[in-house]
Amino acid sequence: MPSFYFEQVFQTALNGIDQNVTGPVLQLAGVILILSLLYAVYEAYSNGGDVRALGVAGIKYLVLGLVFINYQQAFRSVNGMFNGVADYIYNTNGIGDVIQNWLNSVSAYVGQQGLSSFWTLVTGAISGLLDVLLILVGLIILPVSYTLFTLAYVMYGSILYLVGPFVLGLWPSKSMGQLSRTYFVNLMIFQSWGLLYAILQVLITALQMNSVNAVLGGNGVLNAFVGSSQMILLGAVSVLFSIAIALIPFMASRLVRGEVGSTVSAMISGAGLYAGMAARTLLAASSQASSSGPPPAMSDPGSPSPGGPGSAAGPRAGGDGGARDGGLAESKPPIPPSSDVAVSRAGSAGGIGASGAVLAV
């Protein structure tokens, strides 16, 4: 018999489904299997008489026929293999289900000493009120998270159990067999939930967070909370357990699909993006602060820099001097000499003649 509570609820759900639903589902799945085999024969014929594909489809048909005859036992056997590993881990810690044991211990502690601790925290004004809120959230969210995890486990498994014959019936067909492979992936994800829950219990036991006495003593990883009140410690640990339980489905999906590396890369790239945005914001703020100082002094427009336009336009010095008395004269580029103009006109005429647009005489 399964050891964990959610596994026991799932077995109860399977027994209820087998009473009225599993029989008609398997009959309809048998029809889908026959149609899929016929479609596989057509695919083999359309590919030029592929005998190998036809033989593979026939083997798949025979395997699925045997599975459908004993579908209830086959599904429970697969589930039992994973539950056996989880139950072995369950029996190694010596205290049973760690989360259930923690909930029972916290309930007993709150019933004995928790009420006086609540009253002491309430009298601590705003800080005491915040502590009470943390404790209440921690003591409420853990049972809710555990219950939601149990319901999600039972619902996910029941859907896979009922939809499995329909999807597996498409396996002989080469074009529609992708749905069956996707079903196998989801089945492995579901079965790994119990394993990850058992591994979580091993981690909690190794970190000495499996009992109220170990947590209140500040042992293991909780040395950083030494000096906090006892109720705050219990609330914080309950919140940590709730987060760990909620992450089990996401971790199982990532592990089975092999997306752990891409997830870590996405997290690193996101951190780099935010760091770059923060750096650009700081640079923009520093540049605005430096530009808010006094404006630079305006240079004299009548004293051109060495090598500037004033030195190149020597003959216009008198005109510029007269214009300086009335105000700033509009700067214009120097007029090239007439020889340069003639040379440029001759070059342009030669270029046009070479292109065939104008005939030079």
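Taking segment 64-75 only, how many residues are open to solvent by 70 Å² or more (accessible area, probe 1.4 Å) and assigned to a helix (DSSP H, G or I)?
The initial filter retains those residues of segment 64-75 that are open to solvent by 70 Å² or more (accessible area, probe 1.4 Å), namely 66, 69-70, 73.
Remaining after also requiring assigned to a helix (DSSP H, G or I): 66, 69, 73.
Qualifying residue count for the region: 3.
Considering only segment 170-216, state which residues are of a type in the set (Val, Ile, Thr) and out of contact with any Lys or Arg (no Cβ under 9 Å at 6 or more places or on another chain). Steps first, please.
Quick first cut of segment 170-216, residues of a type in the set (Val, Ile, Thr) only: 182, 185, 189, 199, 202, 204-205, 212, 215.
If the condition is that a residue be of a type in the set (Val, Ile, Thr) and out of contact with any Lys or Arg (no Cβ under 9 Å at 6 or more places or on another chain), then Thr182, Ile199, Val202, Ile204, Thr205, Val212, Val215 are the ones that fit.
Looking at Ser173, Ser228, Ser180, which one is assigned to a loop (DSSP other than H, G, I, E, B), among the polar types (S, T, N, Q), out of contact with any strand residue (DSSP E or B) (no Cβ under 6 Å at 6 or more places or on another chain) and modelled with pLDDT of 85 or more?
On the way: Ser228 fails: modelled with pLDDT of 85 or more; Ser180 fails: assigned to a loop (DSSP other than H, G, I, E, B).
On inspection, the qualifying residue turns out to be Ser173.
Could you tell me how many of the residues in segment 95-116 are modelled with pLDDT of 75 or more and under 13 Å from Ser3 (Cβ atoms)?
Residues in segment 95-116 being modelled with pLDDT of 75 or more and under 13 Å from Ser3 (Cβ atoms): 5 in total.
Quickly run through segment 193-209 and pick out the residues that are under 20 Å from the mean Cα position of the chain (by Cα) and open to solvent by 20 Å² or more (accessible area, probe 1.4 Å).
Selection gives Leu196 alone.
What single numbered condition from (1) in a loop (DSSP other than H, G, I, E, B); (2) at pLDDT 80 or above fails to hold for Ser36?
(1)
Which of the residues belonging to segment 58-80 are touching a residue at least 12 places away in the same chain (Cβ under 8 Å) and within 38 Å of the chain's Cα centre (by Cα)? Lay out the reasoning, then the answer.
At the first step, the residues of segment 58-80 found to be touching a residue at least 12 places away in the same chain (Cβ under 8 Å) are 58, 60-61, 64-65, 67-68, 71-72, 75-76, 78-79.
If the condition is that a residue be touching a residue at least 12 places away in the same chain (Cβ under 8 Å) and within 38 Å of the chain's Cα centre (by Cα), then Lys60, Leu64, Val67, Phe68, Tyr71, Gln72, Phe75, Arg76, Val78, Asn79 are the ones that fit.
Please count how many residues of segment 24-60 are within 30 Å of Leu151 (Cβ to Cβ) and either touching an Asp or Glu at 6+ places or on another chain (Cβ under 8 Å) or open to solvent by less than 40 Å² (accessible area, probe 1.4 Å) (or both). Please lay out each step first, then the result.
Here is the first cut: in segment 24-60, the ones within 30 Å of Leu151 (Cβ to Cβ) are 24-29, 32.
The next check asks that each one be either touching an Asp or Glu at 6+ places or on another chain (Cβ under 8 Å) or open to solvent by less than 40 Å² (accessible area, probe 1.4 Å) (or both); those that pass are 25-26, 29.
Residues flagged as within 30 Å of Leu151 (Cβ to Cβ) and either touching an Asp or Glu at 6+ places or on another chain (Cβ under 8 Å) or open to solvent by less than 40 Å² (accessible area, probe 1.4 Å) (or both) within segment 24-60 amount to 3.
Just to be sure I understand, how many residues within segment 181-214 are closer than 19 Å to Leu103 by Cα, of a type outside the set (Gly, Ala, Ser) and touching a residue at least 12 places away in the same chain (Cβ under 8 Å)?
12
Taking segment 146-188, which residues are aliphatic (A, V, I, L, M) and crowded, with 18+ Cβ neighbours inside 10 Å? Before the answer, list the steps.
Step one: of segment 146-188, the residues aliphatic (A, V, I, L, M) are 148, 151-152, 154-155, 159-160, 162-163, 167-168, 170, 176, 179, 185, 187-188.
Those that are aliphatic (A, V, I, L, M) and crowded, with 18+ Cβ neighbours inside 10 Å: Val154, Leu160, Val167, Leu168, Leu170, Leu187.
The values are calculated or read from the model by the stated rules, or taken from the named source; none is laboratory data. The model shown is predicted, which means the values in this text are computed figures rather than measured ones. All Cβ positions, even for glycine, are placed from backbone atoms using ideal geometry, and neighbour counts span all protein chains on display. Each accessible area value is taken on the protein alone, full model and side chains, heavy atoms only, with ligands, DNA and RNA left out. Shrake-Rupley method; radii C 1.70, N 1.55, O 1.52, S 1.80 Å.
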